[in-house]
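The values are calculated or read from the model by the stated rules, or taken from the named source; none is laboratory data. Just so you know, these numbers come straight off a predicted model, no measurement behind them. In this analysis, Cβ positions are derived from the backbone assuming ideal geometry, glycine residues included, and neighbour counts consider all displayed protein chains.
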Amino acid sequence: MSDLRELYQETILGHYKKPRNFGKLPPPSRHREGYNPLCGDKVTVYMHVKDDVVTDIRFEGSGCAISTASASMMTEALKGKTVAEAEEIFKRFHELVTGKEAGDNDNLGKLAVFAGVREFPARVKCATLAWHTFHAALEGGEQPVSTE
Amino acid sequence: MPPRPAEIGSSAGFDVQRIRADFPILQQKIHGKPLVYLDNAASTQKPRSVIDTLVRYYEEDNANIHRGVHLLSERATETYEATRRRVQRFINARESREVIFVRGTTEAINLVAATFGRQNVGAGDDVLITHMEHHSNIVPWQMLCEENGAKLRVAPITDAGELRLDEFEKLLGPRTRFVSVTHVSNTLGTVNPVKHIVDMAHRRKIPILLDGAQAIPHIRVDVQGLDCDFYAFSGHKLYGPTGIGVLYGKAELLERMPPYQGGGDMISSVTFEKTTYNVPPYKFEAGTPNIAGTVGLDTAIQYIENLGMDAIAAHEQDLLAYATERLSAIDGVTLIGTAKERSGAISFILDGVHPHDIGTVLDQEGIAIRTGHHCTQPLMDRFGVPATARAALALYNTREDIDALIAGILKVQEMFR
C-alpha cells in the first residue's frame, strides 16, 4: 500500500478530481492530440506561444488519474516559461518518471510528486502522454501523437 | 464417437482446491499477496500435466512430422494427428480432416477471410458482423471488403449487450455473402443464441463463422449440432499453450476453398510448371506447424474432459452469479453487459475512477484483472466509455477470489474518495 500512496499522492488525486486549465484555447492557438491506444486515454493540448514564451496553455481529454493530473500540473508548470525552459522541464520530468534522474528533483517543484511513477513501469506512458503531446504541439504538425 | 469420460453432475462434486493444486503458477504471491488471477479471457493458466507434456515431447519425441521414415518422426506425426482426432471429438466434428491447426482464433478468422472470403465476396456484396465483435473478427473482414469493394454491415446490440436479432435478420440481405459472429463476447460475457443465428443465415443460404475464443473454455461446443460452417478458437484460452488454435470448417467447403499459404505439406506435387494442392486439412497447413503446441492442446483437452465440461460450466456459472451479485451491491459500480445469458467475463466501471487506476490498485493486492478496451473499441463507443475493468473467470477460480476482488474495489474507492 505504501507504493500506492507514493503513486496516488494527495496532490495527484486533487488534480485528477479538479483539473486546472481544463478546456480549449481560442485561435490562434497551437494544438495537438495525444492518444494512448493501450488504455484509450486521449488528451488535446492547446497553447499560445508569443515571443518564444508559452503565454497560455490548456488541455482537454479523458484519462486515468495519473494522465489527467500530469496534464493539469504540466499546464501550471509551463505557463509563462520560455520554450527552452519548458523543454528542459519536460526533459527533467521524463527522467523523473522513468527513474533516470540523479535524485535531486528540487527544481521540478510540485512535479516531484510524480516520482512514485517510476515504481510502476506500466504507468509511465500515462504520466508522459500530455508532455509528449505538448512537445509535438511545439514542433507543429497535424498527426495525433501516439504513445505506441 | 467414443464415450466421453464420466462427468461430475454438479459443482458440488467439483473440488476446486484440488484443481488449484494442479496449476503451479497459482501457488505464488504477487506483491506479497496470494495471486488472484481473473484475467482468464486474455489467457488461462496451464495445469502441470500440460507443462509436463511439453517437456516430455521435447525430451523424448521431438522431430518434424509427415514423411519422416524414422521412429521419432513417426511418433511426432502420430501425436500431432491424435490431437486432431481429439479436437474432432471435443467439438463433435464429423471428420478429423475438418480440424485445421492454426496459431489461434485470429489466424483462423484471417484464413477464412483470405480464402473463402476472397473467393465468395465481391464488389457490392455484404459481410455481416455484430457490434460486439473483437477486433480480430472486425479487421480481417474490413480488409477483405476494402480489397474486394464489399461492404461491412454491423448488427446493433441492446443496452444490456444483447444482439438485436430483429435488426440482425433485416441485415441479412440478398447481397450478404458471409456472416461472422462471436459465440461469447470477450468484453460483455454475452452468450449469443448462435444456433438461432446460424439457422437465420442458413435459411438464406449464407455461410457463417462462429468466433469461439471465449466460448470453448466455458460451454460444450457441438459444431454439428450448431451446424455452423466454420468455428474458430485458441488453445491458450483453453488451458493449453500459446500459438496453437483451431479452425473447424465443413469438409465440403474446405474442399472448394483455395489454399491459405503456400509451402511444404500443403502440396501433393510440385513442378515449376504446376503445383497440385493437398487435400484438407493439409491444404491449409503450410510449413512446419506448432507440433509441441498441439501436444499441449491434446493434454489440455484431456484435462478438461476429465473434469467434465458440464461440471466446469456449472462451477463457473455459480461464480459468475456470485460475482454479479457482489459487484452490483457496491455503490458506484456499473456493470457493462447485463445480458440474460452470460459466461466467463464480467465488465464494470467505477464512478470517479478510471479503469486503469483500478487495475493498478488491484495489482498491488495481487489481483490480476484486465483494464482497457479489450480489443473492442466499437463496443466501448457503443457504451460511451473509454475503457472498462474486466474480471474473467476460469475453472480454478473460487468465491474467495471474488471476495478478494470486492475487497480490492472497496480499497480503490477508499483511495479515490
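Kindly provide the set of residues from segment B:85-109 that are closer than 15 Å to B:Ile291 by Cα and either surrounded by fewer than 23 Cβ atoms within 10 Å (Cβ to Cβ) or not aromatic (Phe, Trp, Tyr) (or both), ordered by number.
B:Arg85, B:Arg86, B:Val87, B:Val99, B:Ile100, B:Val102, B:Arg103, B:Gly104
Answer yes if at least one residue in segment B:348-368 is in contact with a Pro (Cβ under 9 Å, 6 or more places away or on another chain), outside any loop (DSSP other than H, G, I, E, B), within 14 Å of chain A (Cβ to nearest Cβ) and hydroxyl-bearing (Ser, Thr, Tyr), and no otherwise.
Looking through segment B:348-368, none of the residues is in contact with a Pro (Cβ under 9 Å, 6 or more places away or on another chain), outside any loop (DSSP other than H, G, I, E, B), within 14 Å of chain A (Cβ to nearest Cβ) and hydroxyl-bearing (Ser, Thr, Tyr).
Of everything in segment B:398-417, what is in contact with a helix residue (DSSP H, G or I) (Cβ under 6 Å, 6 or more places away or on another chain), under 24 Å from B:Ala213 (Cα atoms) and either assigned by TED's automatic domain parsing to the domain that holds B:Ile219 or not hydroxyl-bearing (Ser, Thr, Tyr) (or both)? Give them in sequence order.
B:Ile402
With segment A:48-148 as the region, which helices (runs of 4 or more DSSP H) entirely inside it contain at least 3 residues that are touching a Leu at 6+ places or on another chain (Cβ under 8 Å), within 14 Å of chain B (Cβ to nearest Cβ) and at pLDDT 90 or above?
Qualifying helices (runs of 4 or more DSSP H): A:65-78.
Return yes when B:Phe383 is of a type in the set (Phe, Trp, Tyr) and away from chain A (no Cβ under 14 Å) and no when it is not.
So B:Phe383 does not fit the description; no.
Quick check on B:Arg118: is it part of a helix (DSSP H, G or I), in contact (Cβ under 8 Å) with a residue 60 or more places away in the chain, closer than 20 Å to B:Pro174 by Cα and more than 16 Å from the chain's Cα centre (by Cα)?
In short, yes.
Going through segment A:114-148 one residue at a time, which ones are under 19 Å from A:Glu88 (Cβ atoms) and of a type in the set (Val, Ile, Thr)?
A:Thr128, A:Thr133 - these are the residues of segment A:114-148 that are under 19 Å from A:Glu88 (Cβ atoms) and of a type in the set (Val, Ile, Thr).
Return yes or no: is A:Ser62 out of contact with any Ser or Thr (no Cβ under 7 Å at 6 or more places or on another chain) and in contact (Cβ under 8 Å) with a residue 24 or more places away in the chain?
Answer is no for this residue.
Would you mind telling me which numbered condition in (1) touching a residue at least 12 places away in the same chain (Cβ under 8 Å); (2) of a type outside the set (Lys, Arg); (3) surrounded by fewer than 23 Cβ atoms within 10 Å (Cβ to Cβ) B:Glu325 fails?
So the condition that B:Glu325 fails would be (1).
Could you check segment A:26-63 and list, in sequence order, the residues that are in contact with a Cys (Cβ under 8 Å, 6 or more places away or on another chain) and not hydrophobic (A, V, I, L, M, F, W, C)?
Listed by number, the residues that qualify are A:Asn36, A:Asp41, A:Gly63.
For B:Lys411, work out the one condition from (1) under 20 Å from B:Ala41 (Cα atoms); (2) within 12 Å of another protein chain (Cβ to nearest Cβ); (3) surrounded by fewer than 24 Cβ atoms within 10 Å (Cβ to Cβ) it doesn't fulfil.
(1)
Among the residues that make up segment B:272-282, is at least one of them more than 14 Å from chain A (Cβ to nearest Cβ) and within 24 Å of B:Tyr37 (Cα to Cα)?
Within segment B:272-282 (the criterion being more than 14 Å from chain A (Cβ to nearest Cβ) and within 24 Å of B:Tyr37 (Cα to Cα)), the answer is no, since none of the residues qualifies.
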